[in-house]
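Worksheet: one structure, shown below.
The values are calculated or read from the model by the stated rules, or taken from the named source; none is laboratory data. Just so it is clear, the model here is predicted, and its values are computed rather than measured. Glycine gets a Cβ as well: all are built from the backbone with ideal geometry, and neighbour counts include every protein chain shown. Protein only, heavy atoms only, side chains kept; ligands, DNA and RNA dropped before computing areas. Shrake-Rupley method; radii C 1.70, N 1.55, O 1.52, S 1.80 Å.
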Amino acid sequence: LAQSLFALFASSLAISLVFAIIPLCHNVVVLAVVMAVAGLAMGCIDTISNMQLVKIYQKDSAIFLQALHFFVGFGALLSPLIADPFLSDTNCILSNSTANASSNLPHIRKSLVPHHPGNLSHYDLPMKGMVVTRVSYAFWIMALINVSVPRAPSNLAFVPCLCGSSHPLLSADELAMETRPGDKDELSTPAQRPQAAAGHDDLLSCCQSRNFRGASYTYFAVHITGALVLFMTDGIVGEYSGFVYSYAVEEPLAVLHKVAGYLPSLFWGFITLGRLISIPVSYRMKPATMVFINVVGVLITFLLLLIFSSSVVFLFVGTASLGLFLSSTFPSMLAYTEDILQYQGCATTVLVTGAGIGEMVLQLLVGSIIHDRGSYSFLVCGMIFGCLAFTFYALLVFFHRMYPKPSPELDDASPDKAAVPDDTGQYQR
C-alpha cells in the first residue's frame, strides 16, 4: 500500500507539472515528450487506483469501482467547460492581414471537415506576427486545481504513523459484515478471506513466472477475454467521442457546427450520469448481469443508429443511450473478472492495459476508415465493435463456467489459488 500511495503521489504531481509546462512548449518534440509523461502518469493512476480498491474491498469493490469511474467521467465532463471560455473564434496571430484571416476561419473549418479536404491555398491565414491567446490560462487553472490532488495519497501514507497501526484501512471482512447482506458474502469465512489478499503483497507479484506454474488454460482465458471486452468497449468510448462531431456535420445529417459540438458533451454527460446511477445499482445487481445489460444495450443502440442514420433527433437520443450503456462497463467488468479469479489483482492490470490499448488503436483505425470510406462507416465500425464485445463477453461467461471453484484445500503453487498468510489477525473482528 505504501508503494502504491507513493506512486499515486508522484503521478498526480507529475500531471500538475505537465499542465503547467504545456503552454511553454514551443517545439512539437518537446510537447510530445511532455504529453508522453502525462500519459504514463495517468496510466499509473488508473491501474493502481483500480487495483488497490479491489485489494481493499474485494467482494464489495464493485460499488467503489463505480464511484471511482463516476469521478473519471465527471472530470472528463468538467475539463472542457473550464477550457471553453479561453478558446478563441478568431485567428490568434496579429498581423496586417488578421482581419481578413478571421473572416476566412469559418470557411477553412468547413473545408477541413469532409473526409476529402478541399483546396485551402486560396485562403489568407497569417503565420507570422504577434501571438495573442488566452488558452494558456486554461492549462494553468487545471494545474492549480490538480495541485491539491497529491495531498490525498500523502495524507493516507501518514495515517499509520498518526494512528500507530499497521492496518489503517477498514478490512474487507469488517466492511462486508457491516454493509453486505448475508447471501452475498460468499468469501466471509476466515479460511477464504486471507486468500484474496495474498496476491497483492507485491505490485509485481502476478508477473512472476512461478505463479503461472500449473495454471489451467481457463485462468489465462478469463484474463484474455476480459481484456478483449474492455478493448472493444473502451475503444468505442474513444472513437465515438472523438468522431461523432465529424459524423454529424457531414452529409446526410449536415448538423450545424455549434449544435454538433454538444454531442461529445452529451455523450460524456450521460456516461457520468450512468456511473452515478450504477453506484446504488451495483449494490443490488451482480457485475456479470450489469456487463450483459451494457453490451446488449450498446449493440441495440448502434443497430438503431444505423436504421435511423438520417435522423438528427435520434443521433442525439442514441448518443445519450450509448453513453448510459457504456458508463458502467469498465468497473463492472473489473469487479466480475476479479470475482472469478479470487481477487489476486493480476486481472486488474491486464484489463486496464487492454482498455487503454483499445482506446488508442480503435480511434486510429476508425479515423483511417472514415477518411477512406466516408462518414457512414463510423456507425458500421461501432456496430462491428459492439458485436465483438458481446462475443468476447459470451466467451468470458463460458470460461467462467469451466473455471475451478475455490476450495478450502489450497495449492500454493497454483495461480488459481492464493497462499494463506500466517497472520490472519487482521481479518478477525
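Things to note:
- Think of a 1.4 Å ball rolled over the protein heavy atoms: region 216-406 then has 40 Å² of accessible area per residue.
- Isotropic mean projected area of the C-alpha convex hull, region 216-406 (nm²): 10.6
- Förster-model FRET efficiency, 51 Å R0, residue 135 and residue 405, C-beta, rounded to 0.05: 0.35
- Between the amide H of residue 255 and those of 249, 250, distances stay under 5 Å, these residues lying 5 or more places away or on another chain, with hydrogens modeled in the peptide plane.
- Distance-filtered residues of region 308-326 - backbone nitrogen under 15 Å, label point 7 angstrom along residue 384 Cα→Cβ: none
- Relative protection proxy for 385-395, 346-356, from highest mean packing down: 346-356, 385-395 (other beta-carbon atoms within 10 angstrom).
- Peptides 21-33, 304-316, 238-250 ranked from most to least packed by the mean count of surrounding Cβ atoms within 10 Å: 238-250, 304-316, 21-33.
- Sequence-separation-based contact order of region 216-406, relative, with Cα cut under 8 Å and 6+ spacing, percent: 44
- Inter-probe distance in nm under a simple model that places probes 7 Å from Cα toward Cβ, at residue 42 and residue 259: 3.1
- Separation of the residue 21 and residue 151 label points, Cα + 7 Å toward Cβ, nm: 2.5
- Surface share of carbon and sulfur [accessible, 1.4 angstrom probe, percent] for region 216-406: 75
- Gain on full extension, evaluated as 0.36 nm per residue between residue 283 and residue 251 minus their Cα-Cα distance, stands at 7.1 nm.
- Förster radius 25 Å - calculated FRET efficiency between residue 33 and residue 84 (Cβ-Cβ, nearest 0.05): 0.35
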